[in-house]
Amino acid sequence: MPPAIRRALRDIALNRFLNAVTVVTITLAVIFAGAFGLFFYNVNGLFLDWQRGIRMMVYLEDGISDAQRLDLKFRIKTIAGVAEAVYISRAEALETLKTQLQQQSGVLDHLRGNPLPDAFELTFRPTAHEGPGRLDRIAAEIEALPEVGQVLYAQQWLQRFSTIFNLFKLVGYGLGGIFGLAAILIVANTIRLMIYNRRDEIEIMRLVGAADGFINAPFYICAMLLGAVGSLLGLTILLALYSGISRQIQQSLYGALPTMSFFPWYWCIGILIAGMLVGALGCLVSMKQYLKA
Amino acid sequence: MRAPGVTSVNGDSGALIRLFHVSKRFGKKTALTDISLDVAPNEFLFVTGPSGAGKSTLLRLLYLAESTTEGQILIDGVNLARVQRRGIPSLRRKFGIVFQDYKLIPSKTVFDNVALVLEARGVRQRLIQKKVGAMLRMVEMGDRGDALPPSLSGGEQQRVAVARAVIGDPKIILADEPTGSLDAAAAEAIFGLLRHFHQRGATVIVATHDIELIKASQERVICLEGGRLQPLPELGARTSHAPRN
Ligand SMILES: Nc1ncnc2c1ncn2[C@@H]1O[C@H](COP(=O)(O)OP(=O)(O)OP(=O)(O)O)[C@@H](O)[C@H]1O
Ligand SMILES: [Mg+2]
């Protein structure tokens, strides 16, 4: 075993309580930030599903020729964000309306002719929902076309939701940042105490010609190990909590939320690496302090 | 021996260690005053003088545990004033130091204390095992490798300190009272070891007030008193204190 790792393990063994507290802190940080992230991750998926389901109705002016219509369809489809434009003729629309109204369809019999306009039903790519007002701009662009009468879409509730969601995301990032910072400071404090316990030894190492890297390596290894163990523990507990909670939700909603899922494996690895980074940063902070003192 | 009154720090005198009008003050307390001194490669030098004369301070200046207040020091052609913080480890690796207070790490075994020097130099574990084992046998601590320093006698700790100082095959050995806690026989053993490495090419500087040891040897002696270089006191039985070279 390389001496640096041996020294790091010995340091951890010598400061068991301190290191346990540090690991628990990192674990809690990962659980809290992770729970938030998991919520965000799933709601985001749900949100994207909803957005993908958004339809925009583009009603056409009367008396448009087939050629004009084809041309219009082409122009609408070239607008960035538009995925598909399906033509619904006024006759089709009336049929649909009739089946929807069923018994009450008699009301329609009194109509003279068909009052419904021809229309395109648009669906969007996910990118069309990025940023506030993207749909509004697309709608405005389409509405400006001469053949188009009216454009209708469910923008209001979606936008409100998107605002809340973005706010939520912001809070999530903020909380994540605070938890991360707290974890860094806890690690820094732990390493500082370890350095303090070893100050005589460090001084002697310096005197016999040990370079900073040689002296610091065990502390960095120790800090990154704490970060890794903490985040691994946090992820494991989070996974256990998630499985329990998601099973309950699925049962109570009879599978109405089919998109619930845990972080994909590469997120987990990312969280693990983030934990180690937190450890390394904490170590860096205390090293800088120690060297200044 | 060259006259201490060197005129230029840059002159190539062939000296390995060169002090040029060096003074050291701790606040108002003056520890060393206007010391000029050359030490040739492979020289064996005693620094003597009463307690508080500045012997330890003089040695500490050489490996940059302290920096000079005035004057300049050249080690192996390197002006210590120009050594950056990053350069200190490689400077110190030129030295093997026996500290007056041993400076053994109490939580590490005797073996690990000595091995540390080699580990810091990136020597492979297999080689470390071999070299440290041999060195501990050389200072007759071969069976105490697993002991912790606080459980050793003063003399034993001193022998471990010497082992650690010489294990890295240093160019310069600085020994601050290396025989302070030893009886005459053990002291002679330690000196045998220092001479051994001296013969293998190391430059050795020993700070001591053990007059008997100095009397028994033919090496060059300088004397400090109140932080100043003094003419040598009469050493009695010593047949000749004429420096070699
Ligand atoms: N870090 C320091 N701060 C203040 N004064 C110091 C410091 N180091 C040494 N001194 C003073 O400098 C003087 C020389 O000390 P030094 O340790 O070099 O003496 P020495 O010759 O090695 O003595 P001894 O034989 O007792 O070891 C002493 O008066 C000491 O008090
Ligand atoms: Mg001294």
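Since every read-out is calculated from the coordinates, none of them should be taken as a lab result. Since we're looking at a predicted model, the values are computed, not measured. Every residue, glycine among them, receives a Cβ derived from its backbone with ideal geometry; neighbour counts consider all protein chains shown.
Observations, loosely collected:
- Averaged over peptide B:112-122, the number of partner chain Cβ atoms lying within 10 Å of each residue's Cβ comes to 4.
- Point-to-point label distance, A:I164-B:I211, nm (Cα→Cβ direction, 7 Å offset): 9.5 nm
- Percent of Cα pairs exceeding the 35 Å cut-off, where the set is chain A: 48 percent
- Efficiency of FRET from Cβ geometry, A:I273 and B:F26, R₀ 41 Å, rounded to 0.05: 0.25
- Reference-scaled alpha-carbon Rg (2.2 N^0.38 Å with N residues) for the protein assembly as shown: 1.68
- Look at the dipole of the protein assembly as shown built from charges on Cβ: of A:N216, A:G174, A:V285, the Cα furthest out on the positive end belongs to A:N216.
- Legend: mean number of C-beta atoms from other chains within 10 angstrom of residue C-beta atoms, peptide B:162-173, equals 1.
- Relative exposure of A:W265, A:W50, judged by other C-beta atoms within 10 Å (fewest first): A:W265, A:W50
- With at most 13 other Cβ atoms within 10 Å, longest stretch of chain B clear of loop trypsin sites (Lys or Arg not before Pro) (DSSP): B:29-123
- Bridgeable aspartates and glutamates around A:K288 (alpha carbons under 19 Å apart, same-chain partners fewer than 8 residues away excluded): A:D200, A:E201, A:E203, A:D212.
- Using the Karplus relation 6.51 cos²θ - 1.76 cosθ + 1.60 with θ = phi - 60°, the per-residue 3J(HN,Hα) values for region B:135-150 come to 5, 5, 5, 4, 9, 6, 10, x, 9, 10, x, 8, 6, 8, x, x Hz, with x marking Gly and Pro.
- Extension gain (nm, one decimal) between A:L101 and A:L46, 0.36 nm per residue minus Cα-Cα: 16.8 nm
- Computed over chain B, relative contact order equals 25 percent, with contacts defined as Cα pairs under 8 Å that lie 6+ residues apart.
- For the residue pairs B:K108/B:K131; B:K24/B:K55; A:K292/B:K28; B:K55/B:K215; A:K73/A:K98; B:K24/B:K103, the C-alpha atoms sit more than 21 angstrom apart in A:K292/B:K28; A:K73/A:K98; B:K24/B:K103.
- Region B:88-245: C-alpha gyration tensor shape, a/c 1.5 cut-off, then a/b vs b/c: prolate
- Debye, to nearest 20: dipole size of chain B, +1 on Lys, Arg Cβ, -1 on Asp, Glu Cβ: 920 debye
- If the convex hull is drawn through the Cα atoms of region B:1-151, its volume per residue in Å³: 160 Å³
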